[in-house]
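Worksheet: one structure, shown below.
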Amino acid sequence: MNTRYSVVCIIGLSIALIGCDGGPPEANAVNCSGKGMEKALTAFRNNETERQAFLDKCDALNKAN
C-alpha cells in the first residue's frame, strides 16, 4: 500500500510539473526589474515583436508606479 501511494504521488507530481511551462512571462513588478527582466527576456529571444510588446508593458507598469 505504501509503495503504491508513493508511485501515484510521483506520477502526480511529474504531471503537475510538466504542466507548469505556461508560455511567455507576464509583465509584472517581478519580471520587469533586475534578474526577473533578464530571465523574462530570454523567453523572447527569437521573437522581437513579443519582446518589444513585453518591454512596452514594463515601461507602462513602471510609469504607473
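Out of the residues in region 34-51 that are of a type in the set (Gly, Ala, Ser) and surrounded by 13 or more Cβ atoms within 10 Å (Cβ to Cβ), state the one that is nearest to ASN65 (Cα to Cα). The selected residue is GLY36. Kindly check whether there is at least one residue in region 9-25 that is outside any loop (DSSP other than H, G, I, E, B), at pLDDT 85 or above, of a type in the set (Val, Ile, Thr) and loosely packed, with under 10 Cβ neighbours inside 10 Å. No, there is no match, as no residue in region 9-25 is outside any loop (DSSP other than H, G, I, E, B), at pLDDT 85 or above, of a type in the set (Val, Ile, Thr) and loosely packed, with under 10 Cβ neighbours inside 10 Å. Apart from one condition, LYS63 fits all of (1) at pLDDT below 85; (2) part of a helix (DSSP H, G or I); the exception is (1).
The values are calculated or read from the model by the stated rules, or taken from the named source; none is laboratory data. Remember, it's a predicted structure, so these values are computed and weren't measured experimentally. Neighbour counts run over all protein chains shown; Cβ positions are idealised from the backbone, glycine included.
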